[in-house]
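Take a look at the structure set out below.
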Amino acid sequence: MRQIISVLLAVVLLPLLMKKKVGFGAAMLITGTVIGFSGGLDARSIFVAFTKVFTTPSSVKAILVVALVSIMCGLLRKYSIVDSIVDSLKKIITGQKLLMVSIPAVMGIMQVPGGAAISAPFADSIGKDLQLEPPVRSVVNLAFRHISMFVLPFSANIIITQGIVPEIDIYALIGLNLLFVAVMITAAWFLYLGNSPGGTLPAPAPGERKKALGTLLLNFSPIYMIVVFNVAFGLPLYIAVLLCIGITFFLSDRKDFPANIRRSFSSKITLMMIGIYFFRNVINSFDEMLILLNGLFAAASNTAILGAVAVFAVLFGMITGLSLVPMTLLLPLVAPLQISSNEMLLYVWFIYIWSFIGYYFSPLHLCQILSNECIGCSLGSTYREYRFFMPILMGSSFVLYSICRMIMV
């Protein structure tokens, strides 16, 4: 019982530290240390939990991948490779609706906080041509910008999930995520773009579209080649990202490349990863709590478990504006459970979805704040646009989970 109370302490302490503007990585280290001592661990056990972050291969690889991805994304911005991708899209896609959703989706590969602000000017400009109200432009920008969080194997959320639950096949998780993404983008399209008159941009000159397609494939290669290297050639993800940094080198003008690598490295993201895995290791040291959790999962109904996950994830996603908070608190609790691999995958998927929902609709969601600011609309006006979108996402999560459970378990 003492260890359960300690975990509940983390539920209170972590959001409190975030509210006090303590960085997420530092907050995780502090929270992990506090609950470790309060849960009955001695100083040596807590030190071991910390050192395991750097001696466990899966943790080290995950930290390395996220650090390298932050460098690559920084280089893609620094050398205007992303701008070139957008210019190519404008020459290839003449339908304004499709262009409006494609640009945020592509910009979403930039793993930066508040990244929706990068694509907001494009969504605003095209949205005006489509006669969309400002809050609709912001909502469309936000919805399509977050596709990458579900489908990129090197997104921080995917990497962290695999690090906490290493037996999960990330491509199986991405496959399930695609079902939710399909619901999300279909709902966003019909709710916000369905009644728009639409428009067509001037057709490019003969041969220009083909040239633009070649440019797009070339400049987009650092992104898709990560998957090719990882899946087709079986290279570890960190090696794949490292090779794609090499591709970025050849796509750039190579001026000040080593210096720009240093500038693109994010110590905050690295500390965040260290804090998350330290917290995971502390939770995994709570043997009594894990025995109790296995018993609770065996006795409780599946509906009750899903409901508890949904409430918890929404609560802490809402009050922090971060998806990693509910993920970091929930995933370590299910990772050690004695259940089948498919059941584990489905629980992890459900936690993933609801951590996203809590964060996405949070008034503290930085992407939402910056997108609204750039386009010029209030938070209240965007929430009014969510009156159908929100229940669709929430309801579909239960429906999709139930269907997949019937097929997989």
(request) Within the stretch 49-67, track down each residue that is closer than 11 Å to ILE159 by Cβ and buried (at least 22 other Cβ atoms within 10 Å of the Cβ). (result) SER59, ALA62, ILE63, VAL65, VAL66
(request) Would you check if there is a residue in the stretch 194-211 being basic (Lys, Arg), modelled with pLDDT of 90 or more and part of a helix (DSSP H, G or I)? (result) yes
(message) Cβ contacts < 7 Å: first residue of a type in the set (A, V, I, L, M, F, W, C), restricted to the stretch 367-389; second residue modelled with pLDDT under 90 and not in a helix (DSSP H, G or I), any location; separation 6+ or different chain. Result?
(response) CYS367/GLY114; CYS367/GLY115; LEU370/GLY114; LEU379/PRO363
(message) I'm trying to understand the selection: among the residues of the stretch 3-54, which are basic (Lys, Arg) and part of a helix (DSSP H, G or I)?
(response) LYS19, ARG44, LYS52
(request) Kindly establish whether ARG44 is loosely packed, with under 15 Cβ neighbours inside 10 Å and closer than 14 Å to ILE283 by Cα. (result) no
(request) Specify the residue that is surrounded by the fewest Cβ atoms within 10 Å (Cβ to Cβ); the eligible residues are those in the stretch 125-157 that are touching a Gly at 6+ places or on another chain (Cβ under 8 Å) and charged (D, E, K, R). (result) ASP129
(message) Under 7 Å between Cβ atoms, which residue pairs at least 6 apart in sequence (or on different chains) link something in the stretch 298-310 that is over 22 Å from ILE357 (Cβ atoms) with a partner that is hydrophobic (A, V, I, L, M, F, W, C) and surrounded by fewer than 15 Cβ atoms within 10 Å (Cβ to Cβ)?
(response) none
(request) Please give the number of the condition MET107 fails out of (1) under 18 Å from GLN368 (Cβ atoms); (2) crowded, with 23+ Cβ neighbours inside 10 Å; (3) in contact (Cβ under 8 Å) with a residue 40 or more places away in the chain. (result) (3)
(message) Could you tell me how many of the residues in the stretch 358-409 are aliphatic (A, V, I, L, M), more than 20 Å from the chain's Cα centre (by Cα) and over 22 Å from GLY194 (Cα atoms)?
(response) 7
(request) For residues that are in a loop (DSSP other than H, G, I, E, B) and at negative phi, scanning just the stretch 77-95, find the one that is modelled with the highest pLDDT. (result) TYR79
(message) Only one of LEU29, LEU64, LEU16 is within 20 Å of THR328 (Cα to Cα), of a type in the set (A, V, I, L, M, F, W, C) and free of Cβ contacts under 8 Å to residues at least 60 places away in the same chain. Can you tell me which?
(response) LEU16
(request) Grab the helices (runs of 4 or more DSSP H) fully contained in the stretch 262-357, keeping just those with 1 or more residues being among the polar types (S, T, N, Q) and either more than 22 Å from the chain's Cα centre (by Cα) or surrounded by fewer than 19 Cβ atoms within 10 Å (Cβ to Cβ) (or both). (result) 267-284, 287-299, 302-320
(message) Name the residue that is farthest from PHE154 (Cα to Cα), counting only residues in the stretch 205-224 that are polar (S, T, N, Q) and either touching a residue at least 40 places away in the same chain (Cβ under 8 Å) or in contact with a Ser or Thr (Cβ under 6 Å, 6 or more places away or on another chain) (or both).
(response) THR215
(request) Answer yes or no as to whether TYR401 is part of a helix (DSSP H, G or I), among the hydroxyl-bearing types (Ser, Thr, Tyr) and within 30 Å of SER340 (Cβ to Cβ). (result) yes
(message) Residue pairs, Cβ under 7 Å, 6 or more apart or interchain, first in the stretch 120-143 and of a type in the set (Asp, Glu), second at pLDDT 90 or above. List them.
(response) ASP124/ARG137; ASP124/ILE375
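The values are calculated or read from the model by the stated rules, or taken from the named source; none is laboratory data. Fair warning: this is a prediction, and the values are worked out from it, not measured in the lab. Neighbour counts run over all protein chains shown; Cβ positions are idealised from the backbone, glycine included.
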